[in-house]
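The values are calculated or read from the model by the stated rules, or taken from the named source; none is laboratory data. Predicted model only: the values in this text are computed from it and were never measured. Note that each Cβ is placed from the backbone with ideal geometry, even for glycine, and that neighbours are counted across all protein chains shown.
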Amino acid sequence: MRIDFHTHVIPHALPDFMEKYGQERWPVLKQTCACGANIMVGGKVFREVTDQVWSPEKRIQDMDREGVDIQVLSPIPVTFSYWAPTDAALEMAQIQNDFISETVKQRPDRFIGLGTVPMQDSAAAIKEMERCINDLHLYGIEIGTNVNGENLDAPEFQEFFRMAEEWNVPLFIHPWETLAKDRTPRHNFMYTVGMPSETALAAASLIWSGVIEKFPNLKICFAHGGGSFPYILPRLDQGWKVWPHLRLTTHPPSHYVKNFYFDSLNYDPLNIQYLIDRFGYERVMMGSDYPFLLREIPPGNVIDEMKSLSDEQRNAILGGNALKFLNVNEKRRTNGTESTDTGREAAKSGTST
Ligand SMILES: [Zn+2]
(Lines give C-alpha, C1' and ligand atoms only; values in the text may rest on other atoms or scores of the structure.)
Protein backbone atom coordinates (compact mmCIF):
# COMPACT_ATOMS: atom_id res chain seq x y z
CA MET A 1 0.00 0.00 0.00
CA ARG A 2 1.30 3.41 -1.00
CA ILE A 3 0.46 6.29 1.33
CA ASP A 4 1.40 9.89 0.60
CA PHE A 5 1.85 11.33 4.09
CA HIS A 6 2.42 14.94 3.04
CA THR A 7 -0.36 16.57 0.97
CA HIS A 8 -2.33 19.78 1.38
CA VAL A 9 -5.96 20.84 1.01
CA ILE A 10 -8.03 23.99 1.39
CA PRO A 11 -11.83 24.31 1.23
CA HIS A 12 -13.08 25.78 -2.02
CA ALA A 13 -15.72 27.68 -0.08
CA LEU A 14 -13.29 29.30 2.37
CA PRO A 15 -15.03 32.48 3.59
CA ASP A 16 -13.30 35.81 3.02
CA PHE A 17 -11.88 36.43 6.50
CA MET A 18 -10.20 39.66 5.37
CA GLU A 19 -13.60 41.08 4.57
CA LYS A 20 -15.11 39.67 7.75
CA TYR A 21 -12.39 40.61 10.23
CA GLY A 22 -10.54 43.40 8.46
CA GLN A 23 -6.94 42.26 8.97
CA GLU A 24 -4.80 42.03 5.84
CA ARG A 25 -2.95 38.88 6.87
CA TRP A 26 -5.84 36.48 6.33
CA PRO A 27 -5.33 34.14 3.39
CA VAL A 28 -8.16 34.64 0.91
CA LEU A 29 -8.99 32.23 -1.89
CA LYS A 30 -9.78 34.09 -5.13
CA GLN A 31 -10.98 31.86 -7.92
CA THR A 32 -9.22 32.60 -11.22
CA CYS A 33 -10.89 29.97 -13.41
CA ALA A 34 -13.06 26.86 -13.01
CA CYS A 35 -9.94 24.83 -12.31
CA GLY A 36 -7.86 27.12 -10.15
CA ALA A 37 -7.49 30.02 -7.74
CA ASN A 38 -4.96 32.32 -6.12
CA ILE A 39 -4.36 32.31 -2.40
CA MET A 40 -4.08 36.01 -1.69
CA VAL A 41 -2.40 37.49 1.39
CA GLY A 42 -2.45 41.24 1.93
CA GLY A 43 -3.77 41.80 -1.58
CA LYS A 44 -0.83 39.95 -3.20
CA VAL A 45 -0.73 36.49 -4.74
CA PHE A 46 0.78 34.18 -2.13
CA ARG A 47 0.37 31.03 -4.23
CA GLU A 48 -1.43 29.89 -7.35
CA VAL A 49 -3.35 26.70 -6.75
CA THR A 50 -5.27 24.30 -8.96
CA ASP A 51 -8.54 22.60 -8.11
CA GLN A 52 -6.50 19.57 -7.02
CA VAL A 53 -6.18 21.38 -3.72
CA TRP A 54 -9.92 21.20 -2.93
CA SER A 55 -11.40 18.56 -5.24
CA PRO A 56 -11.37 14.97 -3.96
CA GLU A 57 -12.30 13.75 -7.44
CA LYS A 58 -9.29 15.46 -9.03
CA ARG A 59 -7.03 14.14 -6.33
CA ILE A 60 -8.25 10.59 -6.76
CA GLN A 61 -7.67 10.82 -10.53
CA ASP A 62 -4.08 11.85 -9.83
CA MET A 63 -3.66 9.20 -7.15
CA ASP A 64 -4.89 6.50 -9.52
CA ARG A 65 -2.56 7.69 -12.26
CA GLU A 66 0.44 7.99 -9.94
CA GLY A 67 -0.16 4.83 -7.93
CA VAL A 68 -1.08 6.38 -4.58
CA ASP A 69 -3.62 4.43 -2.49
CA ILE A 70 -4.13 6.94 0.32
CA GLN A 71 -3.35 10.61 0.82
CA VAL A 72 -2.95 12.12 4.28
CA LEU A 73 -4.62 15.53 4.04
CA SER A 74 -3.19 18.55 5.90
CA PRO A 75 -4.12 22.24 5.88
CA ILE A 76 -1.84 24.68 4.02
CA PRO A 77 0.49 26.34 6.58
CA VAL A 78 -0.41 29.89 5.46
CA THR A 79 -3.85 29.23 6.98
CA PHE A 80 -2.47 28.50 10.50
CA SER A 81 -3.22 32.13 11.42
CA TYR A 82 -1.50 31.96 14.81
CA TRP A 83 -1.12 35.74 14.61
CA ALA A 84 -4.90 36.34 14.71
CA PRO A 85 -7.23 36.72 17.71
CA THR A 86 -8.03 33.25 19.05
CA ASP A 87 -11.73 33.22 18.19
CA ALA A 88 -11.17 34.11 14.56
CA ALA A 89 -8.20 31.72 14.21
CA LEU A 90 -10.29 28.96 15.77
CA GLU A 91 -13.05 29.64 13.26
CA MET A 92 -10.52 29.40 10.42
CA ALA A 93 -9.18 26.13 11.88
CA GLN A 94 -12.63 24.65 12.35
CA ILE A 95 -13.73 25.41 8.79
CA GLN A 96 -10.69 23.53 7.54
CA ASN A 97 -10.96 20.68 10.01
CA ASP A 98 -14.63 20.19 9.14
CA PHE A 99 -13.78 20.25 5.43
CA ILE A 100 -11.01 17.67 5.85
CA SER A 101 -13.27 15.47 7.94
CA GLU A 102 -16.05 15.67 5.32
CA THR A 103 -13.60 14.83 2.54
CA VAL A 104 -12.36 11.79 4.44
CA LYS A 105 -15.93 10.71 5.13
CA GLN A 106 -16.67 10.70 1.40
CA ARG A 107 -13.75 8.37 0.67
CA PRO A 108 -12.35 6.84 3.85
CA ASP A 109 -10.63 4.27 1.66
CA ARG A 110 -8.54 7.00 -0.04
CA PHE A 111 -8.03 9.75 2.52
CA ILE A 112 -6.82 10.19 6.11
CA GLY A 113 -7.08 13.63 7.72
CA LEU A 114 -4.90 15.78 9.98
CA GLY A 115 -6.29 18.87 11.70
CA THR A 116 -5.04 22.33 12.62
CA VAL A 117 -5.40 24.13 15.96
CA PRO A 118 -4.95 27.74 17.15
CA MET A 119 -1.55 27.43 18.82
CA GLN A 120 -1.64 31.05 20.05
CA ASP A 121 -4.01 29.86 22.78
CA SER A 122 -3.02 26.57 24.36
CA ALA A 123 -6.42 25.88 25.94
CA ALA A 124 -8.23 26.51 22.66
CA ALA A 125 -5.65 24.40 20.79
CA ILE A 126 -6.16 21.46 23.16
CA LYS A 127 -9.94 21.74 22.89
CA GLU A 128 -9.84 21.78 19.10
CA MET A 129 -7.33 18.89 19.07
CA GLU A 130 -9.82 16.89 21.14
CA ARG A 131 -12.63 17.75 18.71
CA CYS A 132 -10.45 16.82 15.72
CA ILE A 133 -9.65 13.41 17.13
CA ASN A 134 -12.91 12.41 18.79
CA ASP A 135 -15.63 14.17 16.80
CA LEU A 136 -14.05 14.59 13.37
CA HIS A 137 -12.06 11.35 13.43
CA LEU A 138 -8.87 12.96 12.21
CA TYR A 139 -5.66 11.08 12.96
CA GLY A 140 -3.26 13.77 14.04
CA ILE A 141 -2.55 17.50 14.14
CA GLU A 142 -0.37 19.61 11.90
CA ILE A 143 1.38 22.53 13.60
CA GLY A 144 3.83 25.19 12.44
CA THR A 145 7.52 25.42 13.36
CA ASN A 146 6.99 28.60 15.38
CA VAL A 147 4.11 30.53 16.86
CA ASN A 148 4.39 34.27 16.26
CA GLY A 149 8.17 34.04 16.34
CA GLU A 150 8.25 31.94 19.52
CA ASN A 151 10.07 28.64 19.19
CA LEU A 152 8.09 25.56 20.15
CA ASP A 153 9.93 25.18 23.45
CA ALA A 154 8.25 28.30 24.90
CA PRO A 155 6.48 27.44 28.19
CA GLU A 156 3.03 28.33 26.85
CA PHE A 157 3.07 25.34 24.44
CA GLN A 158 4.01 22.73 27.04
CA GLU A 159 0.45 21.90 27.99
CA PHE A 160 -0.44 21.29 24.34
CA PHE A 161 2.48 18.86 23.97
CA ARG A 162 1.59 17.22 27.26
CA MET A 163 -1.96 16.52 26.06
CA ALA A 164 -0.81 15.37 22.61
CA GLU A 165 1.43 12.84 24.36
CA GLU A 166 -1.25 11.78 26.84
CA TRP A 167 -3.84 11.29 24.09
CA ASN A 168 -1.30 9.67 21.75
CA VAL A 169 -1.99 12.22 19.03
CA PRO A 170 0.78 12.28 16.40
CA LEU A 171 2.00 15.71 15.31
CA PHE A 172 3.16 16.81 11.89
CA ILE A 173 5.47 19.82 12.20
CA HIS A 174 5.56 21.87 9.01
CA PRO A 175 7.68 24.99 8.37
CA TRP A 176 5.98 28.34 8.00
CA GLU A 177 6.88 31.99 8.71
CA THR A 178 10.48 31.02 8.08
CA LEU A 179 13.50 32.56 9.77
CA ALA A 180 15.67 35.22 8.10
CA LYS A 181 12.65 36.55 6.23
CA ASP A 182 14.54 39.71 5.31
CA ARG A 183 17.37 37.75 3.67
CA THR A 184 15.52 34.99 1.85
CA PRO A 185 12.98 36.47 -0.57
CA ARG A 186 15.61 36.83 -3.30
CA HIS A 187 15.88 33.58 -5.29
CA ASN A 188 12.85 32.20 -3.40
CA PHE A 189 15.31 31.06 -0.72
CA MET A 190 12.50 30.96 1.86
CA TYR A 191 11.47 27.66 0.28
CA THR A 192 14.85 26.06 -0.38
CA VAL A 193 16.94 27.41 2.52
CA GLY A 194 14.48 29.04 4.93
CA MET A 195 12.10 26.13 5.31
CA PRO A 196 14.74 23.44 6.02
CA SER A 197 16.51 25.77 8.47
CA GLU A 198 13.22 26.64 10.16
CA THR A 199 12.41 22.95 10.62
CA ALA A 200 15.86 22.32 12.09
CA LEU A 201 15.34 25.14 14.58
CA ALA A 202 11.97 23.69 15.64
CA ALA A 203 13.40 20.20 16.17
CA ALA A 204 16.48 21.51 17.97
CA SER A 205 14.35 23.71 20.25
CA LEU A 206 12.13 20.82 21.28
CA ILE A 207 15.13 18.64 22.09
CA TRP A 208 17.57 21.11 23.66
CA SER A 209 14.96 22.65 25.96
CA GLY A 210 13.96 19.30 27.42
CA VAL A 211 10.42 19.21 25.96
CA ILE A 212 11.15 15.81 24.41
CA GLU A 213 12.81 14.57 27.61
CA LYS A 214 9.67 15.62 29.48
CA PHE A 215 7.28 14.06 26.95
CA PRO A 216 9.25 11.09 25.63
CA ASN A 217 6.30 9.42 23.95
CA LEU A 218 5.31 12.42 21.87
CA LYS A 219 5.30 11.27 18.24
CA ILE A 220 6.41 13.94 15.79
CA CYS A 221 6.96 13.90 12.04
CA PHE A 222 9.05 16.71 10.61
CA ALA A 223 8.30 17.81 7.06
CA HIS A 224 10.73 17.80 4.13
CA GLY A 225 12.89 15.03 5.54
CA GLY A 226 13.38 17.03 8.72
CA GLY A 227 14.90 19.92 6.75
CA SER A 228 18.52 20.40 7.79
CA PHE A 229 17.95 18.89 11.25
CA PRO A 230 19.29 15.37 10.50
CA TYR A 231 22.55 16.84 9.25
CA ILE A 232 23.10 19.29 12.14
CA LEU A 233 22.29 16.79 14.90
CA PRO A 234 25.97 15.87 15.54
CA ARG A 235 26.76 19.59 15.83
CA LEU A 236 24.04 19.94 18.45
CA ASP A 237 25.65 17.05 20.33
CA GLN A 238 29.02 18.78 20.18
CA GLY A 239 27.49 22.01 21.54
CA TRP A 240 25.92 20.04 24.39
CA LYS A 241 29.30 18.45 25.13
CA VAL A 242 31.35 21.65 25.25
CA TRP A 243 28.77 23.90 26.97
CA PRO A 244 27.86 22.07 30.17
CA HIS A 245 26.48 25.34 31.60
CA LEU A 246 23.85 25.43 28.82
CA ARG A 247 22.62 21.88 29.21
CA LEU A 248 18.95 21.43 30.00
CA THR A 249 18.75 17.69 29.38
CA THR A 250 20.35 14.64 30.96
CA HIS A 251 21.70 13.28 27.69
CA PRO A 252 23.04 14.80 24.46
CA PRO A 253 20.46 15.83 21.82
CA SER A 254 20.79 12.70 19.68
CA HIS A 255 19.46 10.69 22.63
CA TYR A 256 16.00 12.22 22.17
CA VAL A 257 15.07 11.32 18.60
CA LYS A 258 13.50 7.90 19.14
CA ASN A 259 10.00 9.21 18.35
CA PHE A 260 11.03 11.54 15.56
CA TYR A 261 9.75 10.69 12.11
CA PHE A 262 10.53 12.33 8.78
CA ASP A 263 8.76 12.46 5.48
CA SER A 264 10.85 11.41 2.50
CA LEU A 265 10.65 14.73 0.65
CA ASN A 266 14.32 15.55 0.18
CA TYR A 267 14.45 14.55 -3.50
CA ASP A 268 17.59 12.46 -3.29
CA PRO A 269 18.40 8.78 -2.65
CA LEU A 270 21.60 9.64 -0.77
CA ASN A 271 19.69 11.96 1.57
CA ILE A 272 16.97 9.39 2.17
CA GLN A 273 19.63 6.75 2.83
CA TYR A 274 21.17 9.14 5.37
CA LEU A 275 17.81 9.43 7.15
CA ILE A 276 17.49 5.65 7.20
CA ASP A 277 21.06 5.09 8.43
CA ARG A 278 20.75 7.69 11.18
CA PHE A 279 17.19 7.11 12.41
CA GLY A 280 16.09 3.74 10.99
CA TYR A 281 13.86 2.92 8.03
CA GLU A 282 10.85 2.72 10.38
CA ARG A 283 10.98 6.52 10.82
CA VAL A 284 10.75 7.57 7.21
CA MET A 285 7.36 8.05 5.54
CA MET A 286 6.77 8.75 1.90
CA GLY A 287 5.46 12.30 1.39
CA SER A 288 5.24 14.42 -1.74
CA ASP A 289 3.80 17.90 -0.88
CA TYR A 290 1.02 17.28 -3.42
CA PRO A 291 -0.30 19.31 -5.20
CA PHE A 292 2.28 22.07 -5.02
CA LEU A 293 5.03 23.02 -7.43
CA LEU A 294 7.92 21.56 -5.42
CA ARG A 295 6.20 18.21 -5.08
CA GLU A 296 7.72 14.87 -5.99
CA ILE A 297 6.12 13.34 -9.08
CA PRO A 298 5.14 10.57 -8.89
CA PRO A 299 5.04 10.35 -5.10
CA GLY A 300 7.67 7.90 -3.86
CA ASN A 301 9.70 8.13 -7.06
CA VAL A 302 13.04 8.43 -5.27
CA ILE A 303 12.25 5.55 -2.94
CA ASP A 304 11.40 3.40 -5.94
CA GLU A 305 14.82 4.16 -7.40
CA MET A 306 16.73 3.10 -4.29
CA LYS A 307 18.32 -0.26 -4.96
CA SER A 308 19.64 -0.54 -1.40
CA LEU A 309 16.20 -1.10 0.14
CA SER A 310 14.79 -4.53 0.95
CA ASP A 311 11.13 -5.15 0.08
CA GLU A 312 10.28 -4.89 3.76
CA GLN A 313 12.00 -1.52 4.10
CA ARG A 314 10.49 -0.17 0.89
CA ASN A 315 6.96 -1.20 1.84
CA ALA A 316 7.35 0.30 5.29
CA ILE A 317 8.55 3.65 3.92
CA LEU A 318 5.91 3.72 1.20
CA GLY A 319 2.99 3.04 3.54
CA GLY A 320 3.42 0.85 6.61
CA ASN A 321 5.27 3.42 8.66
CA ALA A 322 2.55 6.04 8.10
CA LEU A 323 -0.15 3.64 9.31
CA LYS A 324 1.86 2.96 12.48
CA PHE A 325 2.73 6.63 13.04
CA LEU A 326 -0.94 7.62 12.73
CA ASN A 327 -2.15 4.76 14.95
CA VAL A 328 -4.42 3.62 12.15
CA ASN A 329 -6.50 0.63 12.90
CA GLU A 330 -6.99 -0.52 9.32
CA LYS A 331 -10.33 -2.19 9.98
CA ARG A 332 -11.70 0.87 11.70
CA ARG A 333 -10.63 3.23 8.95
CA THR A 334 -12.35 1.37 6.16
CA ASN A 335 -15.44 0.30 8.09
CA GLY A 336 -16.61 3.54 9.57
CA THR A 337 -15.85 6.14 12.13
CA GLU A 338 -16.34 4.45 15.48
CA SER A 339 -13.43 5.04 17.75
CA THR A 340 -11.36 2.08 18.86
CA ASP A 341 -7.77 3.27 18.97
CA THR A 342 -6.09 3.65 22.33
CA GLY A 343 -5.23 7.31 21.82
CA ARG A 344 -8.77 8.19 20.94
CA GLU A 345 -10.08 6.42 24.00
CA ALA A 346 -7.58 8.32 26.12
CA ALA A 347 -8.69 11.61 24.58
CA LYS A 348 -12.30 10.74 25.23
CA SER A 349 -11.77 9.90 28.86
CA GLY A 350 -9.62 13.03 29.19
CA THR A 351 -12.53 15.24 28.27
CA SER A 352 -14.97 13.57 30.60
CA THR A 353 -12.85 14.26 33.66
ZN1 LIG B 1 3.87 20.96 2.70
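Remarks
- Residue within region 201-208 that is part of a loop (DSSP other than H, G, I, E, B), farther than 28 Å from Gly113 by Cα, in contact with a helix residue (DSSP H, G or I) (Cβ under 8 Å, 6 or more places away or on another chain) and modelled with pLDDT of 95 or more present: no
- When region 277-294 is filtered for residues that are in contact (Cβ under 8 Å) with a residue 12 or more places away in the chain and touching an Asp or Glu at 6+ places or on another chain (Cβ under 9 Å), the ones remaining, listed by number, are Tyr281, Val284, Met285, Met286, Gly287, Ser288, Asp289, Tyr290, Pro291.
- Residue among Leu236, Leu201 that is surrounded by fewer than 22 Cβ atoms within 10 Å (Cβ to Cβ), closer than 16 Å to Thr145 by Cα and away from the ligand (no atom under 16 Å from the Cβ): Leu201
Matching residues to (1) assigned to a loop (DSSP other than H, G, I, E, B); (2) exposed (fewer than 13 other Cβ atoms within 10 Å of the Cβ); (3) within 16 Å of the ligand (Cβ to nearest atom):
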position	(1), (2), (3)
Met1	yes, yes, no
Phe5	no, no, yes
His8	no, no, yes
His12	yes, no, no
Pro15	yes, no, no
Lys20	no, yes, no
Glu24	yes, yes, no
Lys30	no, yes, no
Asn38	no, no, no
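- If the condition is being over 12 Å from Gly280 (Cβ atoms) and either within 16 Å of the ligand (Cβ to nearest atom) or surrounded by fewer than 20 Cβ atoms within 10 Å (Cβ to Cβ) (or both), then region 255-269 contributes His255, Asp263, Ser264, Leu265, Asn266, Tyr267, Asp268, Pro269.
- Number of positions in region 64-119 that are in contact with a Gly (Cβ under 6 Å, 6 or more places away or on another chain), within 16 Å of the ligand (Cβ to nearest atom) and either at positive phi or free of Cβ contacts under 8 Å to residues at least 60 places away in the same chain (or both): 1
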